[in-house]
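Read-outs throughout are calculated quantities, based only on the coordinates presented, and are distinct from any laboratory measurement. Just so it is clear, the structure is predicted and the values come from calculations on it, not from any experiment. We place every Cβ from the backbone using ideal geometry, glycine too, and count neighbours over all the protein chains shown.
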Amino acid sequence: MVSKGSDQPNTRLVDLELQQISKRFGNLEVISGLSLDVYKGELCCLLGPSGCGKTTTLKIIAGFLEPDTGTVSLAGREITRLPPQRRNVGMVFQNYALFPHLNVFDNVAYGLRRRKWPKDKIKPQVAETLRLVRLSGYEERRIHELSGGQQQRIALARALIIEPKLLLLDEPLSNLDARLRADMRDEIRRIQRTLDITTVYVTHDQEEAMSIADRIVVMNSGLIEQIGSPRKIYEQPATQFVADFIGRVNFLRGQIAEGAFQLLGKRFPTSQNKWPEGTEFVCAIRPERVRMEEANPSLLCATVQDATYFGPVVRYRVVLDSDGTELSIEVPSPQAVHEPGERIGLDLQFEDMHLFRYSGNRKWGK
């Protein structure tokens, strides 16, 4: 387990700190010894499949749940046992949790009124916050008159108007269609950077996390598998789970023989080998890293089964002549010249492979 990790310099100020957080519901341990530093002004995504513990972690940060063990600190102050209203944390829920009987102005002003702000100061603060989310002039609108994207921005405005030290977002775009999700990702990123507010963002959508995060925390079964920038998570996966969960990948199985990596009948000598003779391993290679060439005896030979057009890329499914192994390959559309039924050569480079010791309890092929 990675307990704390960072691509950031040590001089950056830690704003949110989780130390050895654990949480059980009955006999089920949802989070197990989780530790994480989030830096000031950073947008950190908790990413993982359903049930991995990411929303439970967010609720513990917000104060809606208490951890069984561990501590939560914000801006150098421990807040583990403080109630939500005393943490100065803004939260946007998956269903937005807007008040349908109140108009936009009253929804956004709600937090200020709870804090007993003077009436003459509430109006300009609401106006400024609506300007920030690009909904000036919507004060009198009813919630049912707003589109999904507008409701999402009102929920964001309500969370931000109290000037929180920390912003939490729990799958805030899951109810929007694909095009609107992409637009709202840009909006959230713009607002977050404008305010320079520390943000923890929960999602199960890999593309969403990759496009919006400064760092991604990949979670699995209550543990952290890897922490890193989107580029590092994708290009240097620390575990087989991360390689499989982030993007598309081909898994191939090989073995150490005669001091080299033996894979698909090919020998890849390297000084990087630290495993003993006979060790079985899993190779992960991204579809865009497999090069398609003209059929050549020096290359792996395969037959194109089908080709699917996705606009910028064409995704090929090919089958190796040697053992029937299937591979997925992605090629930029202008370079996609091969047709189904065509025999081709495949060029695999060792530097494009990610190798994991085969444990016997993880899938290695697709």
- Task: Have a look at the DSSP beta bridges in the chain and tell me what percent are antiparallel, nearest 5.
- Result: 75
- Query: If you rank ASP352, ASP170, ASP186 by fewest surrounding Cβ atoms within 10 Å, what's the result?
  - Reply: ASP186, ASP352, ASP170
- Crossing angle, helix 104-114 versus the chain [Cα axis fit, 0-90 degrees, rounded to tens]: 70
- Query: Taking the Cα centre of the chain as origin and charging only Cβ (+1 Lys, Arg; -1 Asp, Glu), how large is the dipole, in debye to the nearest 20?
  - Reply: 1760
- Task: In Å³ and rounded to a whole number, note down the convex hull volume per residue for the Cα atoms of segment 100-223.
- Result: 128
- Net length gained if the chain between TYR309 and ARG24 were fully extended (0.36 nm per residue, minus Cα distance): 98.0 nm
- Got a sec? How would LYS123, LYS232 order by Cβ neighbour count within 10 Å, fewest to most? LYS123, LYS232
- Grab the eigenvalues of the alpha-carbon gyration tensor for segment 88-133, scale each by 5, take roots, and send me the semi-axes largest first in whole angstrom. 18, 12, 12
- Flagged as over-length at 22 Å C-alpha distance, from LYS116/LYS165; LYS121/LYS165; LYS40/LYS121; LYS23/LYS54; LYS59/LYS232; LYS54/LYS232, the pairs are LYS40/LYS121; LYS59/LYS232
- Give me D for segment 12-80 in µm² s⁻¹, whole number, from Stokes-Einstein with Rh from the Kirkwood sum over alpha-carbon pairs, 4 °C and 1.567 mPa s. 105
- Message: So for each of 155-166, 15-26 I average, over its residues, the number of other beta carbons within 10 Å; can you give me the resulting order with the highest mean first?
- Response: 155-166, 15-26
- Item | Share of Cα-Cα pairs in segment 1-125 lying beyond 22 Å, as whole percent | 48
- Item | the chain - convex hull of the alpha-carbon atoms, volume per residue in Å³ | 172
- Task: May I ask for the equivalent-ellipsoid semi-axes of segment 250-357, computed as the square root of five times each C-alpha gyration tensor eigenvalue and listed largest first in whole Å?
- Result: 27, 14, 11
- Note on the structure: If LEU46, LEU264 are placed from fewest to most neighbouring beta carbons inside 10 Å, the sequence is LEU264, LEU46
